[in-house]
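Heads up, the thing below is written out as structure tokens.
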Amino acid sequence: CVATLPDELPGLDRSVQLAIFRIAQEALTNIVRHAKARHVELVWEQSDAGYQMVIGDDGAGFDSTRIDAQTAHGLAGMRQRVVSLHGSFTLHRQTPPGHGMRVIVTVPRDVAALE
């Protein structure tokens, strides 16, 4: 696993920090449990508009349109956390199929900033 992170994450509200941590934790747990990945990359980027976290792997991947709502509690939890931050949550299947997934989380700066 390779992580590209700044030394510090200044300006983030603690509740936002915790939500981002839990999203990353769940994504990495899903990779370990299901993906059979050999490589994982986590990238955190900041811009004037907000923050973006991308977690990608080279594992088995899955068809996100065929997720059973009864068993996808982790994905639903990640999505709920992002929605509570007025952000966006996207799953991208790497191509060709069977070559991993990418989770992309964006959070607008005005929501994430310390109050």
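The values are calculated or read from the model by the stated rules, or taken from the named source; none is laboratory data. Here the structure is a predicted model, which is why all the values come from computation and not from measurement. Don't worry about glycine lacking a Cβ; one is built from the backbone with ideal geometry, like all the others, and counts go over all protein chains shown. These area figures cover heavy atoms from the full protein model, side chains too; ligands, DNA and RNA do not enter into them. Shrake-Rupley method; radii C 1.70, N 1.55, O 1.52, S 1.80 Å.
Structure notes:
- First in region 74-86 and over 16 Å from residue 51 (Cα atoms), second anywhere and open to solvent by 100 Å² or more (accessible area, probe 1.4 Å), Cβ under 9 Å, 6 or more apart: 74/33
- Neighbours by Cβ (under 7 Å, 6+ apart or cross-chain): first from region 16-39, charged (D, E, K, R); second part of a helix (DSSP H, G or I) and surrounded by 13 or more Cβ atoms within 10 Å (Cβ to Cβ): 22/81; 26/74; 26/77; 26/78
- So residue 25, is it open to solvent by 60 Å² or more (accessible area, probe 1.4 Å) and either touching a Ser or Thr at 6+ places or on another chain (Cβ under 7 Å) or under 20 Å from residue 108 (Cβ atoms) (or both): no
- Scanning region 28-50 for residues that are open to solvent by less than 80 Å² (accessible area, probe 1.4 Å), part of a helix (DSSP H, G or I) and not polar (S, T, N, Q) gives 28, 31, 35.
- Taking the conditions (1) at pLDDT 90 or above; (2) over 21 Å from residue 100 (Cα atoms); (3) open to solvent by 30 Å² or more (accessible area, probe 1.4 Å); (4) not small (Gly, Ala, Ser) in turn, residue 7 satisfies each one other than (1).
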